[in-house]
Amino acid sequence: MANKKKHSKSTEQSNKAALSYLKQKSEVDRMAKLGAKKEVEVEGVTYTFQHPGTRAFAQIQDRIQVEGGKMSSERMSEELFKHVIVEPKVDFDYFDEHDGYEEVITEAMSFLRSGK
């Protein structure tokens, strides 16, 4: 039989607390993207992005696919308008009157991919 090393009660409590913390931190890290926000200023306008979560990102990727597995820029923009760019509410008509469409879309895509 192998000898089992005995730990003091305080060491056991400390180890238990550390394990609890690491488990909780892991759960927080996994959920960090969902609801994460970022503000970006483009052409003097501050845009607020909010991450819809990893599952929603995967669903967006599925919805923007066109023939041959290529991405539709129009569909991608619509998805970003609807699910990521939360303030101000934008659409194609908005960008007919405001500059910065390509930069906002690029920033929003980067945020959607990274959550940062």
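The values are calculated or read from the model by the stated rules, or taken from the named source; none is laboratory data. Every value quoted in this text rests on a predicted model; they were computed, and no experiment measured them. Quick reminder, even Gly has a Cβ in these numbers, built from the backbone with ideal geometry, and neighbours come from all protein chains shown.
The single condition among (1) surrounded by fewer than 11 Cβ atoms within 10 Å (Cβ to Cβ); (2) under 14 Å from Met109 (Cβ atoms); (3) β-branched (Val, Ile, Thr) that Thr46 does not satisfy is (2). Only residues that are within 18 Å of the chain's Cα centre (by Cα), outside any loop (DSSP other than H, G, I, E, B) and not aromatic (Phe, Trp, Tyr) were counted in segment 63-102, giving 11. Gly35 satisfies every condition listed in (1) small (Gly, Ala, Ser); (2) assigned to a helix (DSSP H, G or I); (3) at pLDDT below 95; (4) touching a strand residue (DSSP E or B) at 6+ places or on another chain (Cβ under 7 Å) except (2).
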